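Novice: There's a structure below that I have some questions on.
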Amino acid sequence: MYHKYDVVVVGGGGAGLMAALQLARVPGIRTAVVSKLYPSRSHTGAAQGGIGAALGNHEEDHWEWHMFDTVKGGDYLTDQDAAEIMCHNAVETVYELEHLGLPFSRTPQGKIDQRRFGGHTRNFGEGPVRRSCFAADRTGHMILQTLYQQCIKHEVEFFSEFQVLDLILNDGVCCGVVALNVRDGELHTFHAKAVMLATGGYGRAWKITSNALASTGDGVAIAYRQGIPLEDMEMYQFHPTGEYKLGILISEACRGEGGMLLNDKGKRFMERYAPTLLDLAPRDMISRCIYQEIKEGRGINGQDYVHLDLRHLGREVIESKLPDQADFIRVYLGIDPVTELVPTQPTAHYAMGGIPTDLDGRVTVDERNTPLPGLYAAGECACVSVHGANRLGTNSLVDIVVFGRRAGKDMAEFVAHNELVPLPPKPDAYASAQVKELLGRTEGESVADIRTELQAEMMDKVSVIRSEETLCHAQAKVQELKERYSRAAIQDRQSWFNTELTEALELGYLLDISETVIAGALARKESRGGHYREDYPDRDDKRFLRHTLIYNRGEGIQVAYKPVKITRFEPMERKY
Ligand SMILES: Cc1cc2nc3c(=O)[nH]c(=O)nc-3n(C[C@H](O)[C@H](O)[C@H](O)COP(=O)(O)OP(=O)(O)OC[C@H]3O[C@@H](n4cnc5c(N)ncnc54)[C@H](O)[C@@H]3O)c2cc1C
């Protein structure tokens, strides 16, 4: 089936909806949001702790302090022009969300309430500041509901449960996407002047993850297959507090409210590693410290986890400020955080890297940041790069709304000044061949087995601590799995809701992404932010203060680099 729009936004999470809303407000522009999930089921809805903005509702705060924390938190790999825009715009964007109807929690004076979060400081590192604006521990849920309601009000058209399989390019211009209608298995061609990828993250490449089942990096892999390079893929964040063995997130809001991490001796071990910020040091550091405690035999009962202690907060604070956290812990771990210690371990959480874009969300295709006309990206699938080598808590929700909005506004300009590029012949040839091949194979290994092996390998060899040896092992394993994947079969032949088919497509994306994460990690022979190499434990600004670009140019993987933009803050040692 054929559809024609001015703009097609792929993804109905916070980034996609924010962009769609900007477009919908401009008379005459027709926008479609194509999403494999019903929009309100997007992973943005799982975000709990809050959205960072220097409102200063409790104590003095400034967007420059927020920017400094973001740059330092990112271990100086952050592009500072992007961080400046994000932190400066965060303030007005939070007020915009408030005016759109977002029910923030309030201070006794009626202002938006704010809490502490890891790595956020006052006066360039002096001590913690309350910067995270929150709606209890359901901030992402409220953002998603608010934006979805506004999009409906402004008549954005939604194609939900449509899984995009390919981008359509003609003569170097992006002019549409091909999507599978999951409901009946039919392929649809969406023809448009501009396309935006807002498909979220890819935590599902790892065994222990906080991410939803749908976080399989589709947009990132689809762009990569079209020859677009991927930026800083080795920079993947492990959040220190996942529920033990399950990976379900225990929000940093718990430590923001005063929760502490304890080792087997009952000691608050962060005192040793980050004397100023303690349990609110950035995530990359705390995850490494947990591994260190475990390595030195101080995991609980000598095992691979530590405890989160919330007991001293008292029932009232836990039930009023962290109600969902307490519920998740009770339901999934069978533990009452009011009276018991909570077993936690690091969990794969957030992609700092992704599809490279400029400050207006335009996808760039080389070391010189040349934009690809008609193609945009924002949110977790994109790399602007505001998070550098490590994202601070609350900065993703800021990123999706600030850069989702900027991309939306730029697309409105773009469609006003450009004609619709015609479709190339057989625009759905690649997508159709992919589906036919998967449905056509009757005998072969199951997709689920290959996925389980991939996730175990990535967890074991490409997580918090890496080395040449572990990475080479993982590289060989992923090659083997890719080869096995090319012969795998699915049993389900139905055309409606064939989730075996959609999961097989998603596994293909996860394999491609894992390959780029490993290639980036092998090439970066230093330790920085979320990327820690046991064999190169120091940061090496001379050789590696630059962004990695991984290309797929048909003849295997190629690695290139581009400079980091440094405007206000010169790199210095990162101590907390
Ligand atoms: C448990 C958890 C808690 C978090 N808490 C916080 C927090 O407190 N503060 C913070 O700043 N950040 C937090 N984060 C991070 C943050 O929530 C995410 O990075 C952010 O919401 C991503 O938004 P997005 O719009 O880019 O993508 P998502 O919200 O993940 O949306 C992706 C969209 O793309 C669609 N899609 C994907 N593939 C396809 C395809 N092939 N075809 C069509 N559609 C597709 C999906 O349907 C979905 O609508 C948290 C993350 C997790 C996992």
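The values are calculated or read from the model by the stated rules, or taken from the named source; none is laboratory data. None of these values were measured; they are calculated from a predicted model. When we count neighbours, we look across all protein chains shown, and the Cβ atoms used for this are built from the backbone with ideal geometry, even at glycine.
Novice: With (1) within 23 Å of Q22 (Cα to Cα); (2) within 11 Å of the ligand (Cβ to nearest atom) as the list, and A194 as the residue in question, which single condition is left unmet?
Specialist: All conditions pass for A194, except number (2).
Novice: Still on this structure, please answer the following. Within the range 486-533, work out how many residues are in contact with a strand residue (DSSP E or B) (Cβ under 8 Å, 6 or more places away or on another chain), among the polar types (S, T, N, Q) and within 14 Å of the ligand (Cβ to nearest atom).
Specialist: 1
Novice: Against the condition within 13 Å of the ligand (Cβ to nearest atom), more than 14 Å from A192 (Cβ to Cβ), surrounded by 24 or more Cβ atoms within 10 Å (Cβ to Cβ) and under 23 Å from the mean Cα position of the chain (by Cα), how does L17 come out, does it pass?
Specialist: Yes: the conditions hold for L17.
Novice: If Y551 satisfies every condition in (1) out of contact with any helix residue (DSSP H, G or I) (no Cβ under 8 Å at 6 or more places or on another chain); (2) within 21 Å of V447 (Cα to Cα) but one, which is the exception?
Specialist: Only one criterion in (1) out of contact with any helix residue (DSSP H, G or I) (no Cβ under 8 Å at 6 or more places or on another chain); (2) within 21 Å of V447 (Cα to Cα) is unmet by Y551, namely (2).
Novice: Which of the strands (runs of 3 or more DSSP E) found entirely inside the range 335-389 contain at least 1 residues meeting this: under 12 Å from the mean Cα position of the chain (by Cα) and more than 23 Å from G408 (Cα to Cα)?
Specialist: The strands (runs of 3 or more DSSP E) meeting that bar are 342-351.
Novice: Let me ask something additional. Across the range 33-47, what is the total count of residues that are within 6 Å of the ligand (Cβ to nearest atom), outside any loop (DSSP other than H, G, I, E, B) and either of a type outside the set (A, V, I, L, M) or without any contact (Cβ under 8 Å) to a residue 40 or more places away in the chain (or both)?
Specialist: The total comes to 4.
Novice: So, in the range 261-293, of the ones that are among the hydrophobic types (A, V, I, L, M, F, W, C) and farther than 20 Å from S210 by Cα, which residue ends up modelled with the lowest pLDDT?
Specialist: L277
Novice: Do we find that T93 is hydroxyl-bearing (S, T, Y), touching a Gly at 6+ places or on another chain (Cβ under 6 Å) and buried (at least 19 other Cβ atoms within 10 Å of the Cβ) in this structure?
Specialist: no
Novice: Tally up the residues in the range 48-65 that are part of a loop (DSSP other than H, G, I, E, B), under 11 Å from F124 (Cα atoms) and in contact with a strand residue (DSSP E or B) (Cβ under 7 Å, 6 or more places away or on another chain), please.
Specialist: 1
Novice: Could you list, in sequence order, all residues of the range 461-500 that are touching a residue at least 40 places away in the same chain (Cβ under 8 Å), surrounded by fewer than 20 Cβ atoms within 10 Å (Cβ to Cβ) and small (G, A, S)?
Specialist: Scanning the range 461-500 gives S467, A489, S495.
Novice: Further, regarding this structure: Given the structure, is E457 in contact with a Lys or Arg (Cβ under 7 Å, 6 or more places away or on another chain) and at pLDDT 95 or above?
Specialist: yes
Novice: Can you tell me which residues in the range 143-169 are farther than 20 Å from A24 by Cβ and out of contact with any Ser or Thr (no Cβ under 8 Å at 6 or more places or on another chain)?
Specialist: L165, D166, L167, L169, listed by residue number.
Novice: If only one of P108, P128, P103 is modelled with pLDDT under 95 and surrounded by fewer than 21 Cβ atoms within 10 Å (Cβ to Cβ), which one is it?
Specialist: P128
Novice: Within the range 201-218, how many residues turn out to be within 6 Å of the ligand (Cβ to nearest atom) and within 19 Å of N552 (Cα to Cα)?
Specialist: Selection size over the range 201-218: 1.
Novice: Looking at the structure I just gave you, is V342 crowded, with 19+ Cβ neighbours inside 10 Å, farther than 30 Å from F403 by Cα, touching a helix residue (DSSP H, G or I) at 6+ places or on another chain (Cβ under 7 Å) and not aromatic (F, W, Y)?
Specialist: The answer is yes for V342.
Novice: Checking the structure you have, find out if any residue of the range 120-143 is closer than 16 Å to D279 by Cα and among the hydrophobic types (A, V, I, L, M, F, W, C).
Specialist: Looking for residues that are closer than 16 Å to D279 by Cα and among the hydrophobic types (A, V, I, L, M, F, W, C), one finds at least one in the range 120-143, hence yes.
Novice: Look at V559 and say whether it is assigned to a strand (DSSP E or B) and either modelled with pLDDT of 95 or more or among the aliphatic types (A, V, I, L, M) (or both).
Specialist: In short, yes.
Novice: Mind checking which residues of the range 287-327 are under 28 Å from the mean Cα position of the chain (by Cα), assigned to a helix (DSSP H, G or I), under 13 Å from V342 (Cα atoms) and in contact (Cβ under 8 Å) with a residue 24 or more places away in the chain?
Specialist: Across the range 287-327, the qualifying residue is only Q325.
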